[in-house]
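Working notes, beginning with the structure itself.
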Amino acid sequence: MTGRRARRAARRRELEEPPARLDLRLALPATAAWAGALLGSTDDRSLQVASVLAVSLSCLLLCRTARGRLRHGAIAATALFLGLELVAGVEVRAAAADPLIAAAADGSWAQTTLTVAAVPTAVAARPVGADGGDGGGDGAAGGDGLAGGDGAAGGEGARGGAASRWRFAARDVDARVAGRAWSAVAAVTVFGDGDHWRDLAPGTRVRVSGLLAPDTFGTQPSVLLRARDPPVVLTAPPWWQRAAQQVRRRLAAAAAPLDPDARGLLLGVAVGDTSAIPDGLAADARTTGLTHLVAVSGSHFAVLCGAVVLVLRRIGRRSAVAGGAVTVAALVVLVGPQPSVLRAAAMGGLSLVGVLLGRPRAAVPALSAAVVVLLVLDPSLATAPGFVLSVQATAALALLAPVWSRALRRRGWPAGAADALAVPLAATVATVPVIASLSGSVSLVGVPANILVAPVVAVSLVLGVLCAAVGAVWPAGGAALARADAVPLQWIGTVAHTLARWPSATLPWPASVGGVLVLAGLLAVVVLALSGRRSRAVLLAAAVGAAVVFVPARALGPVPWGWPPPDWLLVGCEVGQGDAMVLSTGEPGVGVVVDAGPDPALADACLDRLAVATVPLVVLTHLHADHVDGLPGIWPGRSVGAIGVGPDRSSASAWSTLTGAAAARGAPVLDLRPGVRWSSGALTLEVLGPAAAFHGTDSDPNNDSVVLRATLRGVRILMTGDIEREAQQALLDRRTDLRADVLEQPHHGSARFLPAFAAAVSARVSVIGVGSGNSYGQPSPSALATLAAAGTAVLRTDLQGDVAVTLSEGVLATAARGAGSPVARGAVRGRGS
């Protein structure tokens, strides 16, 4: 008893001692450097000039009134701000002036010689046609089917034994377009089909030819290069990259026998390869705030380097530092120079220098110095979401988590439990505004999810890295470690899947600047409120009251601002690079599906969110995989009345699979020809085209897409599939009445969009089903410009997630659930409905 009392007294004395004073001397220069790089990247010249004047005047005032460290800090911060604003501005303008940008806008053919800058990553792809077309570019031929295409008429989809598409960043690009050659300044991302792209290691010099397209998702001026031929290797990668490639291959072989979740997570946590993570797990990880665990992040560096230093410290300080440095370098080579990895590597390197010099650990100075060094080397990191989130989370762990953990321990919490709550809570508070700006939602299960997986994180990470290291020289040992690691990895997957399905797992939040600022302000109030006892009591009472009302309401049914929005007419589902649209019939739980997207799980999830249990009709506009491969996700738990198809029979295997599935479930297959009308509830469909199958166009399957006009509550909606210029012109030539309030944008917003067609439709809203980061440059700038010129509001599933068009009290409006889960709304301006 005496010993227990003594331990309690010692712990009490430890907690009563004032915490160590934070060293914030480098925080101001780091903040100034970041602000300068951000402002330099903008196009607002007046804002840049005003910021330069304001910062310069502030520095002059401080220099006149302050002395010592404050004065020196102000000078350093001002120099960093001005220098990085200048450098970032020069780099952005140089990239924007690169002829490659103009060539990409024109969709030009380019011959390039470039160096692979990062490990190629797999991306969902539309198939490669037998003629070499990608089936997805503007006018490229190629078909695809439910089972991946039959090879003759189409190609293989990205799933189920399909041909794969790979993406990687390039550097040192020498370009030749239309006879003109130059060294490109703009960032280039290469997309290529086939395993010969997967085998490229960073540092390889290759010759690549293909079509250029604008990169509409980059934060800096950049282009996409869609290769049409295999790469020609000119120079082999350095030996260390070849070794890293061998490690990745052996790890993939060791992980192959595991179940899909464990296999994907093992590759993600060990070497940062997220290509094998199932789409469902990736979505649930985003919902539950576990994305930092499904791929390499800064925490991985902390765990691994900490373990190495701890083991080698017994030998000596220099050995520990050397081992830590080798670990950092090996991880960067193995994983690639991702923004969060660079932050962790720089911070780890500076911390190792501190250990070598015998300095006490100081996270804030190390983080600040790492930010300054990395931004000086690459100002574009200031706008990289991964870098921003990594820095914010690390700062929160250094500034907030220790204070909150200490407060909990003062109230009798065990140290482990206090840290388990304080760490994820601090990281969540710091990063949620940026996450909300990216996804339009706030995870309400992120903290409990991280608490539940915390006991297995370090174990799974260490076993994963050991599997990679051991498997490189002893495959049997690597396989055994992979099986052992499957247990903690499966727990992470189970937590993600389970909590993502809780009622109100995410809270919709506006992704606008105003919405993010309001959220940041609320979080600041919470942090300040937690510093006082009375305010904590008030805050706790308010939280309990909100939970009592909010949780049951969300568990029992949707609230007015939830999803789906009331009175919805059309919903565009977030299914990646593909189309999946749902038309309301005006009856609860009943909806018509037009195309099913490329992924059954994503199609199923969208219908679940809409509470659709009965599908009287599924319309498949044509047989490309990004429109039909999701069909198996519509069957489970739902009644399907019939399947409607057009004239496209480009893929024998797709047609066979479709008809077989329909027959097995007793659903008739309807032939949709012009003049056919079909009704269910308040919804009426009328087939407008095609009048006949197309032959000899750039893409006959696309032009053979069924074109429908849906009418619901007086609103006309034009569904167009992937029709291109030829089919659009045919409808115009036949003087078809195309007028509609809502347009499902043809071919994911490709450049093959006739202004005359847009004028004939005269839509108030255009819904574009398109995947984030797709390699086709869709939606194209020309299509968006045409819509803007027509005054048409645009909804995009790549940026906004599930999107909806609604009609309430005679007002046509739009709603967006957010890329990953939110709701933002707005009325559509223009003529009345």
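Here are a few things to note about the model shown:
So that you can scan it fast, the table gives a plain yes or no per residue for (1) at pLDDT 75 or above; (2) in contact with a helix residue (DSSP H, G or I) (Cβ under 6 Å, 6 or more places away or on another chain); (3) within 30 Å of LEU400 (Cα to Cα); (4) surrounded by fewer than 19 Cβ atoms within 10 Å (Cβ to Cβ):
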{"position": "ASP23", "(1), (2), (3), (4)": "yes, yes, yes, yes"}
{"position": "PRO29", "(1), (2), (3), (4)": "yes, yes, yes, no"}
{"position": "ALA32", "(1), (2), (3), (4)": "yes, yes, yes, no"}
{"position": "THR65", "(1), (2), (3), (4)": "yes, no, no, yes"}
{"position": "GLY68", "(1), (2), (3), (4)": "no, no, yes, yes"}
{"position": "ALA88", "(1), (2), (3), (4)": "yes, yes, no, no"}
{"position": "VAL92", "(1), (2), (3), (4)": "yes, no, no, no"}
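- Within the range 188-220, considering residues that are modelled with pLDDT of 90 or more and under 16 Å from THR121 (Cβ atoms), the one surrounded by the fewest Cβ atoms within 10 Å (Cβ to Cβ): ALA201
- Residue in the range 443-462 that is farthest from the chain's Cα centre (by Cα), counting only those that are over 16 Å from SER297 (Cα atoms) and of a type outside the set (Val, Ile, Thr): PRO455
- Residue satisfying all of: in the range 236-253; among the small types (Gly, Ala, Ser) and touching a Lys or Arg at 6+ places or on another chain (Cβ under 9 Å); farthest from LEU293 (Cα to Cα) among these: ALA236
- Some residue of the range 262-280 being assigned to a helix (DSSP H, G or I) and at pLDDT below 85: yes
- Qualifying residue in the range 700-710 (condition: among the aliphatic types (A, V, I, L, M), surrounded by 18 or more Cβ atoms within 10 Å (Cβ to Cβ) and touching a helix residue (DSSP H, G or I) at 6+ places or on another chain (Cβ under 9 Å)): yes
- Criterion violated by ALA693 - all others in (1) assigned to a loop (DSSP other than H, G, I, E, B); (2) of a type outside the set (Lys, Arg); (3) buried (at least 16 other Cβ atoms within 10 Å of the Cβ) satisfied: (3)
- Residue match in the range 670-689 (condition: in contact with a helix residue (DSSP H, G or I) (Cβ under 7 Å, 6 or more places away or on another chain), assigned by TED's automatic domain parsing to the domain that holds LEU807, more than 23 Å from VAL640 (Cα to Cα) and not basic (Lys, Arg)): yes
- Here ALA613 meets each of (1) more than 30 Å from VAL442 (Cβ to Cβ); (2) surrounded by fewer than 24 Cβ atoms within 10 Å (Cβ to Cβ); (3) over 28 Å from the mean Cα position of the chain (by Cα); (4) not basic (Lys, Arg) with one exception, condition (1).
- Any chance ALA252 is closer than 26 Å to VAL423 by Cα, without any contact (Cβ under 8 Å) to a residue 60 or more places away in the chain and surrounded by fewer than 22 Cβ atoms within 10 Å (Cβ to Cβ): no
- Residue match in the range 423-441 (condition: part of a helix (DSSP H, G or I), of a type in the set (Val, Ile, Thr), modelled with pLDDT under 85 and in contact with a helix residue (DSSP H, G or I) (Cβ under 6 Å, 6 or more places away or on another chain)): yes
- Inter-residue pairs, beta-carbon under 8 Å, first within 13 Å of LEU84 (Cα to Cα) and in the range 25-51, second assigned to a loop (DSSP other than H, G, I, E, B), 6+ apart: SER41/THR219; SER41/GLN220; GLN48/THR42
- Set VAL185, VAL223: member being closer than 20 Å to GLY771 by Cα and either touching a Pro at 6+ places or on another chain (Cβ under 7 Å) or surrounded by fewer than 21 Cβ atoms within 10 Å (Cβ to Cβ) (or both): VAL223
- Count - residues of the range 411-429 that are under 29 Å from the mean Cα position of the chain (by Cα) and either closer than 25 Å to VAL516 by Cα or aromatic (Phe, Trp, Tyr) (or both): 9
- Residue list for the range 86-117, restricted to those being among the small types (Gly, Ala, Ser) and in a strand (DSSP E or B): ALA110
- Condition met for GLY306 (modelled with pLDDT under 80 and either out of contact with any Ser or Thr (no Cβ under 7 Å at 6 or more places or on another chain) or more than 26 Å from ARG167 (Cα to Cα) (or both)): yes
The values are calculated or read from the model by the stated rules, or taken from the named source; none is laboratory data. Computed from a predicted model, the values in this text were never measured in an experiment. Positions of Cβ are backbone-derived with ideal geometry, glycine not excepted, and every protein chain shown enters the neighbour counts.
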